[in-house]
Amino acid sequence: MTAKVQNINRAKVTVHTFGDARRCPTCGSTQRGKYGHSRTSRLTPTKLEPWTHLVARRCKCAKCETPRIDYFREIRTDDQSN
């Protein structure tokens with residue numbers, strides 16, 4: 001038997017955005033609030049995809065307040081990695 005564990009500290013996220021055009025799919029706005037919590041994952045770079053890190057940042061649309069996670073692919077050197 002498994003029990004459901006609820007994390008009350010996390011807001012529900014309804015939208016995930018990738019790429020350069022980070023628009024709210026609900027209202028189309030590019031305005032957003034401050035980035036909140038972020039999470040970084042290490043990637044193995046290849047010739048076609050040279051990124052070393054995938055960063056996920058939580059935010060809300062400034063117009064309609066839709067919560068979302070924006071994803072960024074980054075190329076970092078060893079001294080920039082945290």
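No lab work stands behind these numbers, since they all come straight from the coordinates. What you see is a predicted model; the values in this text were computed from it and never measured. Ideal geometry is used to build each Cβ from the backbone, glycine not excepted, and the neighbour counts take in all protein chains shown.
Considering only the range 27-82, state which residues are part of a loop (DSSP other than H, G, I, E, B), charged (D, E, K, R) and touching a Ser or Thr at 6+ places or on another chain (Cβ under 6 Å).
Going residue by residue through the range 27-82, those that are part of a loop (DSSP other than H, G, I, E, B) are 27-31, 33-37, 43-52, 62-66, 75-82.
Imposing the further condition that a residue be charged (D, E, K, R) reduces the set to 34, 47, 49, 63, 65, 76, 78-79.
Once the filter is applied, which keeps residues that are part of a loop (DSSP other than H, G, I, E, B), charged (D, E, K, R) and touching a Ser or Thr at 6+ places or on another chain (Cβ under 6 Å), the range 27-82 yields LYS63, ARG76.
Counting just the residues of the range 61-73 that are in contact (Cβ under 8 Å) with a residue 40 or more places away in the chain and in contact with a Pro (Cβ under 9 Å, 6 or more places away or on another chain), which one comes out nearest to PHE18 (Cα to Cα)?
ARG68
Among all residue pairs at least 6 apart or on different chains, which show Cβ distances below 7 Å where the first residue, located in the range 31-44, is of a type in the set (Gly, Ala, Ser) and the second is assigned to a loop (DSSP other than H, G, I, E, B)?
Taking only residues 6 or more apart or on different chains, the pairs are GLY33/ALA62.
Scan the range 53-74 for residues that are surrounded by 17 or more Cβ atoms within 10 Å (Cβ to Cβ) and over 11 Å from GLY36 (Cα atoms) and report the count.
Number satisfying all stated conditions: 4.
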